[in-house]
Every structure is written in C-alpha cells, then in structure tokens.
Amino acid sequence: MKNIKIHLYLFTFLLTLWGCTTNSLDTIPQDRYTDQNFWTTQKNAMAALTGCYAVLRNPGMFDGGQATALLEETATPNAYNYTNRMGYGVIALGTHTNSNAVIFNARWVDSYRGIGRCNNLLDKIDAVPMDDGLRTRMKAEAKFLRAFYYTMLTTYFGSVPLILEAPDTEKHGKLPKTERRKIITQIVNDLDDASAILPPIYTSNDIGRATKGAALALKARVLLFEASPLNNSGDPANPTGDVLKWKAAADAAKAVIDMAPEAGYDLFPNYRRLFMPENENSVECIFDVQFKAPEQGSSFDVENRQWNENAPLQDLIDAYEMLPGFTYNAAQPYANRDLRMYQTIVFPGDTYMGSITTHTAPFKNTGYGVKKYSIYDAEPNSNIINENRSEINYMVIRYADVLLMYAEAMNEALASPDADINITNIYSAVNKIRQRGGLLPIGSGKTKVEMREIIRQERRVEFACEGLYYNDIRRWRTAESVLNATIYNSQGQPIVKRSFDAGKDYWWPVPLTQSDLNPNLK
C-alpha cells in the first residue's frame, strides 16, 4: 500500500455536467472523470478503494500533518498540549465548545468522507467488469472501512445519522441522528461480513489492507466500548457494564488470538524497535495506517523532536512500576523502572540525540519528551525530518491491544479471573505483555476488582503516548476523577488545573458547522 499514490481527481465525482459543447444534458464529458464514466474498469475501482483508505491519513483521523493520533494523548493525564493544536488543549481543560476545537469538525467531516467513498464503491462496483473474486474482497474491505469510520463517529459523538448508500445531498443533508443501537448493529454486521471474506494475511503491495484479523479485532474494540460503564452506567444491575456484551467482546478478541498462528500474530520482541520504520507491518501489527514520504508522510518525528505538543506529564511517569527487587529512590527517580518507560519517554538525565537532557532542554514544556513513533533516540542523529516527512506507519490496532481487550472483557464477564480456563486466559494474556516490560507475572488468586485495576494499569503504560488512553478513561467513566486535577512537570511544578464535567464532557458535541447545515442534529 505504501507504493500506491493517491490521485485525488479519481475520487472527485462531479454532481453536475458543465463545459459541454452540445446542448444535450445527457452528454458525458470525455476530458474528466464523472460518476457515469468512472466505474468502467477494474483499475478505476481499485483506485476508488484506495481513496477509501486514503481518508485514514486525513487530519480528522490519524495525521494530515497534524500528528492527530499522538495529540489525543494530551486530553488525558498522560500528556500536555501547550499550543491547543487541533483543540485538544481545550478538551483537556474542559473549556471546549461546539466551535472551538478543530478536531470536532475534522473528525465528523473525515468520517463521513470515508463513509461516502465506501458507500459509493459498494453501490457502483457490481456494474464494473472485473474479476469476481477481487470484487468480493474489495467489497469486504469497503465494509470494514465503513465500519471503522462509523466507529470513529459513535465512539466520540454517540449518535449520528446512519447512511448506507452513495452520498446524496438532497436526500441525506437533513437527516436526524439514528438510534445508537442501530448504528452499532450495522457496524458489527459489516465487520462480520468482512471477516467472513477477508484473508488472514497479505503479501507484497497488498500489505496494509484490512484482514480478517483486523475486522475481528475492530469488532472486539467496538463491543468492548459498548459493554463498558459509559454505555451501561444507568443500569443499577450492571454498574460496571453488560455481562453479555463483555462476553461478546471477549469472544471477538479470542477469535483473533486463535488465528494468531495462521496470521502470524505475536508480540514483537523489542518494544522500542516495534515503533521504528524498519519494523512496520511486524507480527504485532493488526491494522495500521500506511505512510510514505514525501507523498504521504506524517509529522510524528517532528512532533516528538521539535514541537513537543504531546509532552508527557509527571503522572504518567509515576504510573510506571519499579522492576522486581527495586524500590523507589527519590535521588534517582527514573532508575529501575518498567522497561517500557525508557523505550517511550525522554526524561531529565536521559541521553537524547547524543546530548544529556535537563528539566528544561530540549523539552521545556514539561521536561519530558516522547521516543515512540520517532526515529530519534539516544544516538546522535543528523537526519532532521520535517513536517509531513515521517514514514513510520501508525498502528491503529496491535496484538498487545487484542490480548488486553480479551483480558479485560473476560474479567468483566466472569465472577473472578481464576474462572477463565482457556489456554490463553486472563493471567497469561496480561503476563505476556508484562514480561516484555521486564515485570514479574501476576499470580493467580486475584479478585475481579484487583484484576480490573491491573488491566487498566497495563493499558495505560503499554499504550502510553499512542492516543488510546483518552477513550479508555471515557469508557471506564474514570475521566471525571482523573481529569479534574492539576497537572505537573518533571520538577513537580504545577502547570494548570484541568476540569471535566461528567454531565457533558463524556461525549463530543455536534460541531456547530454541522448543526448549522442540518438543524436536525441539534
């Protein structure tokens, strides 16, 4: 997929005919693509599917020069965005409105842009003369992507209009929100359809396309979110979620684990190297966003090295456990920690790009910087990568996430973690990840509540600075406690007091630009 260049003119379907040399309204221009003359070849259909994937690189999704995926971490206790890039600063402060956070409108527009492209392909591809097997697979990919874009909408906005046909402004422009339950059902149906068709693995230029494992893993993530306290907190019988939904999420994650030998899934042995360009599409990658500089690069390297708008906070540092046999020493606060800290964070006294860092240089915002998703580490490096020139793919879902989703869902579905008798059980799933961090395994005999906290802790440090923690603290309904707090830098100095209103901040507001266009969204 890195070798596919996106030609935007292939994805612009004209709604009106203009510039014709005759008076016939039925004349189709021959000098440009229209919706009438585009869907005529297999090559064009493949280009349209590439356009469905291309939206993943837009600002409202995972990059577009904004390093969006990394910035979402700054709406959590893990990191700080001093510039308010994309609006994550006001989200973290609890001062956002429906018009002052760029990410709100960007995510809405880009999600529907992706949905529109997928719907258009699904509506038109059956008329294209092409190989039937390829057509079937392409439709499955489009269904996966449609489910993905609707997942982005429902995860952040709750309920949105459900559209399952090619875009039509007259028909769809004033639609009201669809009941959330119906959208989730459609997402799951699309993922079931996709997983039944998609292959477990690709080779050559097809690497990066949606696979069977990607569809099942996304299904697990969707069901995990739906099972959580955020969506079930009103039921006094299930204050921590819905047991049947938890079990369904566990089953979906377990299906990915079971197919690991066939698909080649496993944890990559070196946590730091996992996030380097030379190891992209590794055994740990379930689904990623493909970047290739300079045509389709990201800004991850410049974000981590120069902008530092995803500056880690002291609270994240404190979350990393001590290694076995060591206790905390105030004189050496960064010594003998979970190995993942050294592979993720640049801290005062650490060596970065050949120089010893301090509390104020080179990362003056909090004293901390990020290594993950960057080529920069301890070694001197004269390769200064600028905006939109990073190549490392962003992993939307990786195998470690599948293991922890399984552990969390199964723990919530059972009376205790010891009740899980599967070969890959709650303890083994968690311990496989802890082992890579150099930590001791969790022993049996834990209560459900104890294991819940262990799993949540593991998710926080395993996915630190990847942008996943924001949705975790939302779905756990812990945001109201962890975001109502003062944040601190590496010297223990307060930066700002954040706030979170549980009555309104768990869901993003419909962007003002969208409710102005469609009053039925208000």
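The values are calculated or read from the model by the stated rules, or taken from the named source; none is laboratory data. Values in this document were obtained by computation on a predicted structure and should not be read as measured data. Note that each Cβ is placed from the backbone with ideal geometry, even for glycine, and that neighbours are counted across all protein chains shown.
The table below lists the values:
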quantity: Residue among SER382, SER374 that alone is touching an Asp or Glu at 6+ places or on another chain (Cβ under 6 Å) and either free of Cβ contacts under 8 Å to residues at least 60 places away in the same chain or part of a loop (DSSP other than H, G, I, E, B) (or both); calculated: SER374
quantity: Residues of region 328-346 that turn out to be out of contact with any Leu (no Cβ under 8 Å at 6 or more places or on another chain) and either in a helix (DSSP H, G or I) or surrounded by fewer than 19 Cβ atoms within 10 Å (Cβ to Cβ) (or both), as a count; calculated: 13
quantity: Test for ILE473: is it buried (at least 16 other Cβ atoms within 10 Å of the Cβ) and within 26 Å of PHE62 (Cα to Cα); calculated: yes
quantity: Check on ALA293, touching a residue at least 24 places away in the same chain (Cβ under 8 Å) and closer than 30 Å to TYR506 by Cα; calculated: no
quantity: Selection count where residues are under 23 Å from GLU280 (Cβ atoms) and not charged (D, E, K, R), scope region 345-382; calculated: 13
quantity: Number of the condition not met by ILE286 [criteria: (1) touching an Asp or Glu at 6+ places or on another chain (Cβ under 6 Å); (2) crowded, with 21+ Cβ neighbours inside 10 Å; (3) closer than 29 Å to LEU439 by Cα]; calculated: (1)
quantity: Residue match in region 363-371 (condition: modelled with pLDDT of 95 or more, over 24 Å from the mean Cα position of the chain (by Cα), surrounded by fewer than 21 Cβ atoms within 10 Å (Cβ to Cβ) and not aliphatic (A, V, I, L, M)); calculated: yes
quantity: Answer residue from region 379-395, given it is among the hydrophobic types (A, V, I, L, M, F, W, C) and closer than 21 Å to GLU462 by Cα and is surrounded by the fewest Cβ atoms within 10 Å (Cβ to Cβ) among those; calculated: ILE392
quantity: Residues (in contact (Cβ under 8 Å) with a residue 40 or more places away in the chain and part of a strand (DSSP E or B)) located in region 306-327; calculated: ALA311, PRO312
quantity: Considering residues of region 347-362 that are of a type in the set (Val, Ile, Thr) and not in a loop (DSSP other than H, G, I, E, B) only, the residue farthest from SER374 (Cα to Cα); calculated: ILE356
quantity: Filter result for GLY438 (at pLDDT 95 or above, over 25 Å from PRO229 (Cα atoms), surrounded by 14 or more Cβ atoms within 10 Å (Cβ to Cβ) and not basic (Lys, Arg)); calculated: yes
quantity: Single match in ASP418, ASP350 (criterion: at pLDDT 95 or above, acidic (Asp, Glu) and surrounded by fewer than 17 Cβ atoms within 10 Å (Cβ to Cβ)); calculated: ASP418
quantity: Number of positions in region 141-178 that are closer than 16 Å to LEU223 by Cα and modelled with pLDDT under 95; calculated: 0
quantity: The lone exception for GLY325 - which of (1) within 19 Å of SER490 (Cα to Cα); (2) surrounded by fewer than 17 Cβ atoms within 10 Å (Cβ to Cβ) it fails; calculated: (1)
quantity: Total residues in region 273-300, condition more than 18 Å from the chain's Cα centre (by Cα) and part of a helix (DSSP H, G or I); calculated: 4
quantity: Within region 138-245, helices (runs of 4 or more DSSP H) holding 2 or more residues that are touching a residue at least 60 places away in the same chain (Cβ under 8 Å), buried (at least 16 other Cβ atoms within 10 Å of the Cβ) and not hydroxyl-bearing (Ser, Thr, Tyr); calculated: 212-227, 229-232
quantity: Conditions (1) crowded, with 23+ Cβ neighbours inside 10 Å; (2) closer than 30 Å to ASN120 by Cα; number of the one not met by THR74; calculated: (2)
quantity: Selection from region 481-518 of residues that are without any contact (Cβ under 8 Å) to a residue 40 or more places away in the chain and more than 28 Å from ASN308 (Cβ to Cβ); calculated: ALA502, GLY503, LYS504, ASP516
